[in-house]
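One structure is given below, encoded as structure tokens.
The values are calculated or read from the model by the stated rules, or taken from the named source; none is laboratory data. All figures in this text were calculated on a predicted structure; none of them were measured in a lab. Don't worry about glycine lacking a Cβ; one is built from the backbone with ideal geometry, like all the others, and counts go over all protein chains shown. When the accessible area is computed, the model is the full protein with side chains, heavy atoms only, and any ligands, DNA or RNA have been set aside. Shrake-Rupley method; radii C 1.70, N 1.55, O 1.52, S 1.80 Å.
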Amino acid sequence: MITSKEILKLARELLCDSEVKNRAAIGRAYYASYHAIKNLAKVKLGYHAPEKGDRQSVHWHLCQFLISHSEESIQVIGCELRKLSRNRRKADYQLNATIEKNNSTLIVAMASSIIDDSKKSFIALDTDSSDQQMDA
Amino acid sequence: MPLGQPQKNHEAFLEEVFSGKPSEIRLQQIVKQLKKDKTSSPCDDAVHEVLGVALMRLNRVEQAIPELVTAFRMSPCESYANNLLLGYREADKLNEGLKFNINNLDYIRGCLATSVILAGDYSEHIIDLLEGDDVSVVRAALESGMQNELTSIFRFLVEITPYGTGYSFESDKEEGHWIIDISISLNSEESEAVSFSKQISRALSQKYSPEVLMKIVPLISYQVAA
């Protein structure tokens with residue numbers, strides 16, 4: 001068994017002067033944040049991944065769920081995850097494009113940052129809802 | 001003005017327009033004079049160029065674009081691309097804007113595509129001037145009915161991003177939807193870029209629907225400022 005933290009660690013380790021490794025780092029960075037955020041969303045926000053056979057992919061579905069959330073901090077995490085997803089797509093499919101090293105490091109930094117943000121936001125949201133329940 | 005002398009006047013007008021922000025009254029005078037020039041020299045692309053630049057300086061981008069497009073159409077001269085670039089930024093930042101190395105037609109077309117999106121003028125006669133990736137983005141916006149949102153988001157991004165920022169567009173289909181990526185290249189440090197990316201997301205999520213945010217995605221990249 002592995003964790004999203006380990007995937008992010010691999011993303012960092014892949015960063016170097018090789019474009020092919022930097023592309024792989026972008027992919028790993030996206031998947032690290034996807035898994036971390038999906039798990040938090042399941043536990044803290046009651047998120048359910050789409051059923052098999054659903055028209056939408058799990059990736060689209062999660063981003064849409066977050067962006068459509070009423071809390072602004074969650075919407076921001078959704079938007080950032082969407083950016084990582086688009087970058088991952090570019091890194092994996094657009095072989096003719098040039099992907100600069102500094103932008104690969106940026107994607108890894110963004111992934112790390114939104115994983116941290118999601119922990120804080122989802123926990124804060126959980127605390128708020130617990131407080132509200134206690135108040136009620 | 002006698003025939004055969006439009007160039008002199010053109011340069012005088014350009015100098016005036018480039019020297020600062022023209023007033024509305026001065027613009028009217030310029031337009032009046034240009035119309036006179038136009039009568040004497042109807043094919044003078046300078047008419048469109050000068051008028052376009054003046055309108056850009058007054059932030060009347062929508063009116064300026066058709067003029068600049070006409071100027072562009074008449075000549076593949078590099079200077080017209082510079083004029084298109086004026087739409088992005090205020091007059092006092094012009095000199096830095098001209099640091100861009102503008103030496104090929106593809107780049108000029110890219111500028112034109114950006115100007116079309118900025119102006120929100122998606123009319124066929126302008127789109128006909130685009131080629132390759134530039135036209136595909138504009139077509140994607142039209143096909144998906146997102147042209148107003150694309151213009152609105154792009155204008156908003158131009159407004160909030162710092163000077164020195166470069167923009168480019170790409171489109172492809174994902175989950176059966178047209179998706180448009182707006183690539184924003186910042187002159188900054190990495191940590192600033194991470195923070196700025198979130199600020200953009202926060203600002204956009206306050207203004208646009210989830211559907212739009214899924215389909216028009218601003219992608220941040222950065223170059224460390226020299």
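Remarks
- Taking (1) part of a helix (DSSP H, G or I); (2) under 21 Å from A:Ala109 (Cα atoms); (3) open to solvent by 20 Å² or more (accessible area, probe 1.4 Å) in turn, A:Cys16 satisfies each apart from (1).
- Residue within the stretch A:49-61 that is in contact with a Pro (Cβ under 9 Å, 6 or more places away or on another chain), more than 19 Å from B:Ser195 (Cβ to Cβ) and among the hydroxyl-bearing types (Ser, Thr, Tyr) present: yes
- Residue in the stretch A:102-109 that is at positive phi and more than 9 Å from every other protein chain (Cβ to nearest Cβ) present: no
- Subset tally (residues that are more than 15 Å from B:Lys207 (Cα to Cα) and in contact with a Ser or Thr (Cβ under 8 Å, 6 or more places away or on another chain)) for the stretch A:61-73: 1
- Residues in the stretch B:157-176 that are open to solvent by less than 60 Å² (accessible area, probe 1.4 Å) and within 9 Å of chain A (Cβ to nearest Cβ): B:Glu170, B:Asp172, B:Glu174.
- Every test in (1) assigned to a helix (DSSP H, G or I); (2) touching an Asp or Glu at 6+ places or on another chain (Cβ under 9 Å); (3) touching a residue at least 12 places away in the same chain (Cβ under 8 Å) is passed by A:Ile99 save one, and that test is (1).
- Any hit, the stretch A:38-54, residues being within 14 Å of another protein chain (Cβ to nearest Cβ), closer than 23 Å to B:Glu174 by Cβ and open to solvent by 10 Å² or more (accessible area, probe 1.4 Å): yes
- Residues of the stretch B:178-226 classified as touching a Lys or Arg at 6+ places or on another chain (Cβ under 8 Å) and within 9 Å of chain A (Cβ to nearest Cβ), total: 10
- Subset of the stretch A:64-75 (residues that are open to solvent by 10 Å² or more (accessible area, probe 1.4 Å) and in contact (Cβ under 8 Å) with a residue 12 or more places away in the chain): A:Gln64, A:Phe65, A:His69, A:Glu71, A:Ser73
- Being of a type outside the set (Lys, Arg), assigned to a strand (DSSP E or B) and surrounded by 20 or more Cβ atoms within 10 Å (Cβ to Cβ) holds for only one residue in B:Ile153, B:Ile200, B:Ile179, and it is B:Ile179.
- From the options A:Lys5, A:Lys101, residue that is open to solvent by 40 Å² or more (accessible area, probe 1.4 Å), closer than 21 Å to B:Val194 by Cα and modelled with pLDDT of 95 or more: A:Lys5
- Tally of residues being among the β-branched types (Val, Ile, Thr) and open to solvent by 40 Å² or more (accessible area, probe 1.4 Å) across the stretch A:19-37: 1
- Residue check, A:Ile114 outside any helix (DSSP H, G or I), open to solvent by less than 50 Å² (accessible area, probe 1.4 Å) and within 21 Å of B:Glu192 (Cα to Cα): no
- Filtered by the rule that a residue be basic (Lys, Arg) and either within 10 Å of chain B (Cβ to nearest Cβ) or open to solvent by 50 Å² or more (accessible area, probe 1.4 Å) (or both), the stretch A:82-98 gives A:Arg82, A:Lys83, A:Arg86, A:Arg89, A:Lys90.
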